[in-house]
Amino acid sequence: MMSPQIIYQFLFSSVLSSALTSLPVLGCALFLNSQVSAMLWRLLWGRDRAFLTRRMRRICLALTVLMLLGTLGMIAVYPMALSSAALWALFAAVATAALRENLCRRLWGRRLRETVSRRAFWGLCLLCHLLSLGLTAWPLLVCLPVNDAALLLCGYGLDALLEGFSHWRNRESIALDELEEAPSPEALQELNAGLNQLNAFNAYRKLQLFILMALQLTLVLAYLFIGLTVDELILCMALACACTLATHAAADAFLRALKREGSVQTLLAGLFLWAYGLILFDRQLELPATSLALSYLALCLCGGGLGVSLTALRHLESSMANVAQFGLEGRMNGYARIRSVGTEMALLLGQMAALGMVTFLCLPRFLSQTLTLESLSMALHRWMIVPPLLLLAIAIVCVLRFPMNNRHFAKLARWLTLKEEGGSNPALREQLENVVVKRHKNRFGVKIIIALLRPLYYHKVVGKENLRGLEDGTMVLVCNHGELYGPVVANLYIPVAFRPWAIAEMMNREVIIEHIYQGTMMRQKWLPESWKRPLLRMITPLLLWVFDSLEAIPVYRNDPRKLIGTFRETIDAMQAGDNILLFPENDTGHAVGERGYASEGVGRLFTGFAMIAPLYYAKTKKKAIFIPVYASRKTRTVRIGQGIEYQPDNGANDEKLRIVDGLLAQMQAMYEEEIKK
């Protein structure tokens, strides 16, 4: 339904049906019936059959039975309610157009593969078009005045031209239609079994299914509305197509500029815009006097969101090939065709749902009158708005829970490149297995919280240039604590991805309440004592969820054995490409209930964190770079200082003190600059 040719055929079927039967939606239903039939034929009896799983074949057979029953019902009911000659003329026109398209596509494929001569190709194409035109013209001339029949035949000729142009534009894919040989059934079964074990891949297939089903329902809804309510059909169709295609091209250019790094976020934005367009369209249909201008504005918004969503989905699809390559370990023979068949199945389910809804509008209760804008509004509002909105809502949830983000895709591409070069990175592979293979939910909610909090904690970031050119996985960002202020602002505004260190007590459900009470809540004199612990019990689940979402690394300061685990997890994270954020201010040496961190300036720093550098160098032969960060409450700035690179040739203890002293000196200088302002 995205192709201009298919859109034109859908609308032309509506016009043809209106001229012959005064029931435009009947032509739409017949056209969708032909599309579903052609797709079922390709899947069940074409070359795609080999790539269907047993479950897919059962679904296709069930859909075939449902479609045949619906078609037989229409054939049985409508000749009794309408003029039989006019109805069969409509059947003939839609059926011959579908057969012509299928035969011409096959001829194009044979010509492009040079199995048919040029003369035979043009002769057979001409014969196919003449037979199709004759089978359409004769019933039309019998049922309609000559002038009306001639106009409809001109529209039929334009359909043939658009079809030829579409075949020429897609000539490369048509040429390859029957060249690819299917792997053996055993290899395909092994390939499908391997893909089914990839949690990330299954999550993608699920969200793709809902998006493509919503696509079919939305396009049928939009163009059915256009076909039944507008006199300037071509102009309005061009407007709707242009909006969809323009946003498609804009989103494609945007993602290419970002090198596909924003596919997930762009997809989410497109889905929200798409849903908003449908809601606005629904509101317009509810109004007593529906405004066509506002309805078309809503459809343009809907088309824009649809175009953005499909572009992001296409970029995400190409990224999922890396996911499959990782999980299947290079056994990719047949993968492209399996994905193509999976996409066709999703489109088939969407078209089948659209066919069911349009067929419902064709029930005999609508035959006593031509569908007016008011009756159409009621039908669309009640029966056709809710399904795509529901599917979009499910798709949005699937995107929010999608296990991989842009950073995971970048790491995956890096690992595949490393493997091709013969290298190895066990820590990176283990991290990717946890995301790609095992059940893992991307905590998109914490990103939404960060986006909502940024306006409330607006800060200017100074010194971003000090991060340029540094490799991910080598940076250790060291920030002042300032009680809760430093961690909050750093997580909101540091412009590189990282995993933070967090005190283990803050990640332990058993002790977190008492830890926060002793460290922070006791000093809050404005809050009644009886409220403090109950309030902490309420917010504790949220805090635990946030630390889990940030993939914080627990720091066991009072348990040397477990502290070794902290450093081991940190080195593995850095080896996998993660930067580290920590807050090493010393909070000891104070009475219970007193401030444990400097509320302004920088307190004394623990020195043990600097051991990250020699451990990281010993494992990777890479030099860690410690970067000072100072979050200023007074000037509302986040200042990033010059990085201090680890020098392995120096003595371990001297190098540790050099790093800590250098960091503290830069952070103190940043504080002194704050005082001057």
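The values are calculated or read from the model by the stated rules, or taken from the named source; none is laboratory data. The structure presented is a predicted model; accordingly, all values stated were derived computationally and were not measured. Cβ: placed from backbone, ideal geometry, glycine included. Neighbour counts: every protein chain shown. In case anyone asks, the SASA skips ligands and DNA or RNA and just uses the protein heavy atoms, side chains included. Shrake-Rupley method; radii C 1.70, N 1.55, O 1.52, S 1.80 Å.
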> Packing-wise, with mean Cβ within 10 Å as the measure, how do 270-277, 113-120, 218-225, 102-109 rank, highest first?
Replying inline: 218-225, 270-277, 102-109, 113-120
>> Quick check: residue separation of residue 41 and residue 343 times 0.36 nm, minus the Cα distance between them. What number comes out in nm?
In response: 107.2 nm
> FRET efficiency for residue 161 and residue 558, Cβ-Cβ distance as r, R0 = 56 Å, nearest 0.05?
Replying inline: 0.10
> Rounded to the nearest 0.05, what FRET efficiency is calculated for residue 250 and residue 515 with R0 set to 51 Å and r the Cβ-Cβ distance?
Replying inline: 0.55
>> Could you compute the net charge surrounding residue 201? Neighbours are other residues with a C-beta less than 12 Å from the C-beta of residue 201; K and R count +1, D and E count -1.
In response: +2
> Among the listed pairs 411/656; 460/676; 206/438; 464/634; 411/447, which are separated by more than 22 Å between their Cα atoms?
Replying inline: 411/656
> Rounded to the nearest 0.05, what FRET efficiency do residue 524 and residue 568 have when you use their Cβ-Cβ distance and R0 = 51 Å?
Replying inline: 0.90
> Any idea of the accessible area per residue across the range 1-47, 1.4 Å probe, to the nearest Å²?
Replying inline: 27 Å²
> If you take the alpha carbon radius of gyration of the range 113-192 and divide it by 2.2 N^0.38 Å, what ratio comes out, to two decimals?
Replying inline: 1.68
> Local charge sum around residue 660 (other residues, Cβ-Cβ under 13 Å, Lys/Arg +1, Asp/Glu -1)?
Replying inline: -1
> Which value, in Å² rounded to 10, gives the accessible area of residue 471 with a 1.4 Å probe and all protein chains present?
Replying inline: 90 Å²
> At what distance in nm do the modelled label points of residue 114 and residue 540 sit from each other, each positioned 7 Å from its Cα along Cα→Cβ?
Replying inline: 7.6 nm
> How many percent of the accessible area of the range 1-69 is carbon or sulfur, using a 1.4 Å probe?
Replying inline: 64 percent
> Just how large is the dipole of the range 596-658 about the Cα centre, in debye to the nearest 20, putting +1 at every Lys and Arg Cβ and -1 at every Asp and Glu Cβ?
Replying inline: 280 debye
